[in-house]
Amino acid sequence: MGKRNKRSYNEAKVNFCSSHHNIGGVDLLTTSQAVTDTLAYLFNTGKGFRSQDYLGSHWTAIDTIFRVWAPQAQAVAVVGSFNDWQPEQLHLNATTGIWTGRLKAVQVGDLYKFQVTGADGATQLKIDPFAQQFEKKPGDAAIITAPIAHDWHDSLWMARRKKMQPAHRPINIYEVHLGSWRRQEGDRYYTYQELAAELIPYVKKLGYTHIELMPVMEHLLDASWGYQQLGYFAPTSRFGSRDDFLAFVDQCHQANLGVLVDWVPGHFIRNYDALYHYDGTATFEYADPQRADNHRWGAWNFDLGKTQVQSFLISSALFWLTDCHLDGLRVDAVSNMLYLDYDAGREGQTNQYGDNRNLEGIAFLQELNTTVFRQHPDVLMIAEESSAYPQVTGRVDHGGLGFNYKWNMGWMHDTLDFFMMDPLFRHDHFNLLTFGFVYMYDEQFILPFSHDEVVHGKKSLMHKMPGDRYNQFANLRTMLVYLAAFPGKQLNFMGAEWGQFLEWRDWSQLEWVDLADPLNQQMQQFTAALNRVYRDNRPLWELDHDQAGMVYTYTDDPESSTMAFIRQAKRKFSFVIAAFNFVPVERRRYRIGVPYPGIYELLLNTEAKAFGGTWTQLETTFTATETPYHGQPASFEVTLPAMGALLIRPRNVKKGSRRHE
């Protein structure tokens with residue numbers, strides 16, 4: 001490579017990783033052939049991390065350029081509302097596999113598709129893989145969009161985010177399916193603008209720190225909840241335009257709410273007019289039909305070892321994080337990308353080393369996280385990974401996958417199994433709770449009570465709880481305190497905050513009518529109070545991933561079905577005592593060991609009358625004496641409510657006392 005070409009290559013490489021549609025100030029409509037060849041080279045070698053700025057449609061008032069990667073196609077044309085859906089032929093660069101053409105008289109808002117004559121000679125209308133907006137379902141034509149020009153007002157949030165270390169901050173996530181949180185009269189979806197006006201203040205009032213959106217990438221089938229994706233760069237048109245979505249994110253940030261979105265890089269929608277056999281051959285999916293076919297979810301698996309697919313997917317991730325200012329991605333179905341035999345029908349598949357690891361999937365995830373954190377070290381990359389694969393949140397240079405969080409599926413299942421059980425039998429299954437202590441520092445965990453646990457006949461969280469209506473609420477309150485007190489960040493799916501009884505239905509809004517019932521109102525008030533206690537008390541989140549943040553005091557007493565432990569902050573005298581009674585029998589004179597004698601104060605009692613409990617008068621202060629108990633040099637007595645929990649903190653303790661470690 002000559003000096004001049006090498007310089008052009010290096011400049012283009014830097015520019016191609018920039019954050020603007022006009023790459024580094026270079027107008028892609030007028031740039032030189034040498035630069036465009038370089039951009040194509042980066043895409044084809046798996047290093048084109050701003051591929052949407054090169055491929056797809058790029059509009060100006062003068063003309064519009066279309067580019068699409070279809071290396072084995074015999075012919076490609078663009079058709080749309082601007083040319084009466086008559087094909088305008090694109091031209092192939094045989095070296096890059098990219099077809100290109102310019103059209104005049106194209107307007108923002110016009111619809112279009114690519115007409116692809118594949119290697120097999122069949123002609124098929126195909127979506128633009130890089131489109132940033134699609135028409136409303138059931139159509140799937142792309143929409144010509146102008147370059148993003150949103151005037152962001154979240155600079156304060158973004159500046160704060162850069163200074164924050166997520167591991168040492170409160171993270172309390174409200175998971176939302178936008179299509180069924182609320183609906184307007186006539187069963188109409190809320191728009192992004194209407195959601196901003198109602199969802200944001202609601203979540204803020206309840207005290208959550210983040211909103212996690214189930215996939216908002218464009219999808220056709222409502223029942224897929226967004227996980228069968230069509231557009232990897234396009235917010236769904238169900239609720240409005242791309243720019244409306246950007247405004248929604250902006251308003252969340254102005255309200256000091258982070259925004260996370262579920263993202264699906266493992267598989268894509270089956271539809272033949274989408275990515276499948278894009279050029280008449282296996283283009284985005286594996287060439288091996290058995291590996292390409294995802295039986296479990298009725299989708300096609302991305303070929304994660306193909307460099308162009310890597311460019312496509314990493315560009316998508318960075319689009320949401322950079323262009324849309326998202327604060328993180330929850331990467332769905334990671335296990336499917338880690339194992340060759342994860343899906344039905346693929347049993348016994350092995351790699352060249354004789355084991356079941358999907359080596360290209362592992363390498364892709366490592367490259368994804370390395371690239372993301374190089375550009376955005378302050379975001380969350382969260383793995384939804386259901387196996388015991390090691391080092392999911394480990395450093396890539398130490399052999400890990402490089403995520404900074406993983407959903408703790410084992411803790412979630414064990415906790416729900418325990419609380420669903422009749423209290424009479426809980427003492428025989430106390431290990432469902434205590435086993436979580438064994439591995440809670442193996443990864444950096446988020447503890448999720450997600451949508452997956454309240455659908456398909458699994459019942460809502462409230463409906464899972466045993467006993468009559470009063471005891472169901474008591475169980476649910478206690479379980480949510482256990483979630484808040486256990487080391488790890490936390491997530492709750494919408495509706496759980498007031499104890500909706502019906503399980504989640506994606507085709508209708510939540511049962512807001514429940515809030516006419518005083519018990520549901522009180523449950524909602526409890527959730528807000530608990531979230532406030534969580535946010536305002538550093539011991540409940542500051543050392544979530546540090547063994548110094550947990551002090552075991554009384555965690556293994558199956559016979560009484562009670563538990564107590566201490567959550568510690570960085571400051572020596574900043575800690576919170578959590579005490580639990582998992583059976584409906586009040587425990588009087590229940591002794592709790594603490595590090596220092598002195599005065600302690602109540603933060604929360606789940607059985608307070610205001611929360612739907614029975615206690616009209618609360619014990620609000622406790623005096624610890626120098627009476628050693630369970631390894632602690634001091635202790636005090638409480639009345640532990642039946643089927644309830646207490647959170648207590650020191651108010652005025654004798655700081656000169658020696659603490660037993």
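Summary table below
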| quantity | calculated |
| --- | --- |
| Pair list, Cβ < 9 Å and 6+ apart or interchain, from segment 512-532 residues that are on the phi < 0 side of the Ramachandran plot and free of Cβ contacts under 8 Å to residues at least 60 places away in the same chain to residues that are surrounded by fewer than 19 Cβ atoms within 10 Å (Cβ to Cβ) and aliphatic (A, V, I, L, M) | ASP514/LEU502; GLN521/LEU515 |
| Residues satisfying the stated conditions in segment 481-490, i.e. part of a strand (DSSP E or B) and either aromatic (Phe, Trp, Tyr) or in contact with a helix residue (DSSP H, G or I) (Cβ under 7 Å, 6 or more places away or on another chain) (or both) | GLN490 |
| Matching residues, segment 282-302, being free of Cβ contacts under 8 Å to residues at least 40 places away in the same chain and acidic (Asp, Glu) | GLU285, ASP288 |
| Residue tally, condition within 30 Å of ALA287 (Cβ to Cβ) and surrounded by 18 or more Cβ atoms within 10 Å (Cβ to Cβ), over segment 66-91 | 12 |
| Residues of segment 400-420 classified as part of a loop (DSSP other than H, G, I, E, B) and either closer than 25 Å to ASP343 by Cβ or in contact with a His (Cβ under 6 Å, 6 or more places away or on another chain) (or both), total | 5 |
| Answer residue from segment 547-561, given it is part of a strand (DSSP E or B) and more than 16 Å from ILE648 (Cα to Cα) and is modelled with the lowest pLDDT among those | ASP556 |
| Restricting segment 424-449 to residues that are surrounded by fewer than 20 Cβ atoms within 10 Å (Cβ to Cβ) and in contact with a Phe, Trp or Tyr (Cβ under 7 Å, 6 or more places away or on another chain), the residue that is farthest from SER387 (Cα to Cα) | ARG426 |
| Only listed residue being modelled with pLDDT of 90 or more and of a type in the set (S, T, N, Q), chosen from GLN33, GLN107 | GLN107 |
| Test: residue in segment 308-321 that is touching a His at 6+ places or on another chain (Cβ under 6 Å), surrounded by 19 or more Cβ atoms within 10 Å (Cβ to Cβ) and not acidic (Asp, Glu) | yes |
| Candidate set: segment 134-185, residues that are in a helix (DSSP H, G or I) and charged (D, E, K, R); chosen: the one nearest to the chain's Cα centre (by Cα) | ARG161 |
| The one condition in (1) of a type outside the set (D, E, K, R); (2) out of contact with any Phe, Trp or Tyr (no Cβ under 7 Å at 6 or more places or on another chain); (3) under 27 Å from ILE362 (Cα atoms) that PRO265 fails to fulfil | (2) |
| Filtered residues of segment 375-421 (kept if over 30 Å from TRP157 (Cα atoms), aliphatic (A, V, I, L, M) and modelled with pLDDT of 95 or more) | MET409, MET412, LEU416, MET420, MET421 |
| Wholly enclosed strands (runs of 3 or more DSSP E) of segment 90-129 bearing at least 1 residues within 25 Å of LEU39 (Cα to Cα), touching a residue at least 24 places away in the same chain (Cβ under 8 Å) and within 38 Å of the chain's Cα centre (by Cα) | 98-103, 111-117, 123-126 |
| Tally, over segment 534-544, of residues that are part of a helix (DSSP H, G or I) and buried (at least 19 other Cβ atoms within 10 Å of the Cβ) | 4 |
| Boolean, ASP378 is among the acidic types (Asp, Glu) and either closer than 23 Å to GLY46 by Cα or not in a loop (DSSP other than H, G, I, E, B) (or both) | no |
| Residue under evaluation TRP507, criteria (1) within 27 Å of MET563 (Cβ to Cβ); (2) surrounded by fewer than 23 Cβ atoms within 10 Å (Cβ to Cβ), criterion not met | (1) |
| Entirely in segment 199-312, the strands (runs of 3 or more DSSP E) that have 2 or more residues that are of a type in the set (Phe, Trp, Tyr) | 231-235 |
| In segment 166-194, residue nearest to TYR208 (Cα to Cα) [restricted to those that are charged (D, E, K, R) and free of Cβ contacts under 8 Å to residues at least 12 places away in the same chain] | GLU194 |
| Residue pairs meeting the criteria (Cβ under 6 Å; at least 6 apart or on separate chains; first farther than 11 Å from ILE446 by Cβ, in segment 384-406; second aromatic (Phe, Trp, Tyr) and surrounded by 13 or more Cβ atoms within 10 Å (Cβ to Cβ)) | VAL392/PHE403 |
| Only one of GLY345, GLY354 that is at positive phi, out of contact with any strand residue (DSSP E or B) (no Cβ under 9 Å at 6 or more places or on another chain) and surrounded by fewer than 14 Cβ atoms within 10 Å (Cβ to Cβ) | GLY354 |
| Matching residues in segment 358-376 - criterion: being over 19 Å from GLY48 (Cβ atoms) and either surrounded by 16 or more Cβ atoms within 10 Å (Cβ to Cβ) or hydroxyl-bearing (Ser, Thr, Tyr) (or both) | ASN358, GLY361, ILE362 |
| Residue in segment 387-399 that is under 17 Å from the mean Cα position of the chain (by Cα) and either surrounded by 21 or more Cβ atoms within 10 Å (Cβ to Cβ) or assigned to a strand (DSSP E or B) (or both) present | yes |
| 2 or more residues without any contact (Cβ under 8 Å) to a residue 60 or more places away in the chain, over 20 Å from VAL533 (Cα atoms) and of a type in the set (Ser, Thr, Tyr): qualifying strands (runs of 3 or more DSSP E) within segment 592-661 | 634-640 |
| Residue that is over 24 Å from VAL454 (Cα atoms), surrounded by fewer than 18 Cβ atoms within 10 Å (Cβ to Cβ), in contact with a Gly (Cβ under 8 Å, 6 or more places away or on another chain) and at pLDDT 95 or above, where the choices are GLN254, GLN193 | GLN193 |
| Failed criterion for TRP85 (all others in (1) within 30 Å of THR45 (Cα to Cα); (2) aromatic (Phe, Trp, Tyr); (3) assigned to a loop (DSSP other than H, G, I, E, B) hold) | (1) |
| Conditions (1) assigned to a loop (DSSP other than H, G, I, E, B); (2) under 28 Å from TRP411 (Cα atoms); (3) not basic (Lys, Arg): number failed by GLY354 | (2) |
| Flag if PHE565 is under 29 Å from ASN431 (Cα atoms), aromatic (Phe, Trp, Tyr) and either touching a Gly at 6+ places or on another chain (Cβ under 6 Å) or part of a strand (DSSP E or B) (or both) | yes |
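Residues are listed down the side, and each one gets a yes or a no for (1) part of a helix (DSSP H, G or I); (2) under 25 Å from the mean Cα position of the chain (by Cα):
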residue: GLU443; (1), (2): no, yes
residue: ASP452; (1), (2): yes, yes
residue: PHE473; (1), (2): yes, no
residue: MET479; (1), (2): yes, yes
residue: ASN492; (1), (2): no, yes
residue: GLY495; (1), (2): no, yes
residue: TRP507; (1), (2): no, yes
residue: VAL513; (1), (2): yes, no
residue: LEU519; (1), (2): yes, no
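The values are calculated or read from the model by the stated rules, or taken from the named source; none is laboratory data. Just so it is clear, the structure is predicted and the values come from calculations on it, not from any experiment. Using ideal geometry, Cβ is built from the backbone for each residue, glycine included, and neighbour counts are taken over all protein chains shown.
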